1. Any residue that is at pLDDT 80 or above, aromatic (Phe, Trp, Tyr) and under 13 Å from the mean Cα position of the chain (by Cα) - is there at least one of those in region 65-72?
2. Note down all Cβ pairs under 9 Å where the first residue falls in region 35-57 and is over 28 Å from ASN88 (Cα atoms), the second is exposed (fewer than 10 other Cβ atoms within 10 Å of the Cβ) and at pLDDT below 60, and they're at least six residues apart or on different chains.
3. Can you tell me how many residues in region 1-58 are more than 30 Å from ILE82 (Cβ to Cβ) and at pLDDT 75 or above?
4. Could you count how many residues in region 63-78 are among the charged types (D, E, K, R) and in contact with a Ser or Thr (Cβ under 7 Å, 6 or more places away or on another chain)?
Amino acid sequence: MCILFSDEKMFDIDGIYIVQNDLIWAVDRAEVDGKDDRMRKRKFSQQVMVWLGVGSKGVSPLVIFEKGSVDHSRYIAEVLPIVLAYGNNVFGNNWTFQHDGAMPHTHVLTQQWHRDNFPAFIEKNRWPPNSPDINPLDYSI
């Protein structure tokens with residue numbers, strides 16, 4: 001019960017837009033012009049990535065990456081100290097950290113940081129590549 005599950009998600013500021021679901025039936029274009037208040041999707045929409053950890057005793061603080069993508073150095077610097085502080089505060093010194101197979105998580109330096117700092121973690125070679133039952137963030141939350 002002392003496992004902290006984690007995952008990231010990219011959110012698009014415009015949300016999900018499916019053109020096929022958004023139609024207006026009219027006799028001609030003039031009938032629609034000026035009355036169309038639908039939000040249009042931008043060509044290059046802003047995105048934000050969010051990291052979250054969830055365990056049996058609650059939810060960790062959010063980590064929001066407003067600019068750029070996340071590589072191993074950014075993951076180590078911005079996420080892992082928050083994970084360590086939260087896990088130790090909530091679970092004490094007997095807990096396991098879980099991450100998925102994303103490149104920043106499986107990098108050699110990230111795996112070494114885990115070994116040096118966490119009481120326990122699921123190593124990259126022990127994590128199944130396609131496991132719908134094991135991470136609640138992917139399938140339940």
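1. yes
2. Matching pairs, first to second residue: LYS41/VAL19.
3. Residues in region 1-58 being more than 30 Å from ILE82 (Cβ to Cβ) and at pLDDT 75 or above: 3 in total.
4. Matching residues across region 63-78 total 0.
The values are calculated or read from the model by the stated rules, or taken from the named source; none is laboratory data. All of these numbers come straight from a predicted model, not from anything done at the bench. Virtual Cβ from ideal backbone geometry, glycine too; neighbours counted across all protein chains shown.
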